[in-house]
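**Q** I'd like to ask some things about the structure below.
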Amino acid sequence: MNSPKLMIDNQGLLNNFAVEPKMYVDSTVSTGFTKYAEKVNGRFAMIGFVSLLATEILTGQSLLSFLKDALG
């Protein structure tokens, strides 16, 4: 009747907490930005910058004058 995680005590009651679970502690600290997040952020920034340059080349206007004309 006894399994590794369940035990019956001397009063015949089921004791679910008889075996303490093994604790896992990660020794590496991972706070802040991860390398993956930094790569994705950098790629989106490059896409935005290239899009800005393409917009300026195709319209012949700077970003501010383009937004001024577009927003009225």
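**Q** Any idea which of (1) surrounded by 10 or more Cβ atoms within 10 Å (Cβ to Cβ); (2) modelled with pLDDT under 80 is the one residue 27 doesn't satisfy?
**A** Every listed condition holds for residue 27 apart from (1).
**Q** Right, another one. Scan region 30-48 and tell me whether some residue there is of a type in the set (A, V, I, L, M) and modelled with pLDDT under 90.
**A** yes
**Q** Could you tell me which of the residues 5, 22 is at pLDDT below 85, among the basic types (Lys, Arg) and surrounded by fewer than 10 Cβ atoms within 10 Å (Cβ to Cβ)?
**A** Just a single option satisfies the conditions, and that option is 22.
The values are calculated or read from the model by the stated rules, or taken from the named source; none is laboratory data. If you're wondering where the values come from, they're calculated on a predicted model, not measured in any experiment. Glycine gets a Cβ as well: all are built from the backbone with ideal geometry, and neighbour counts include every protein chain shown.
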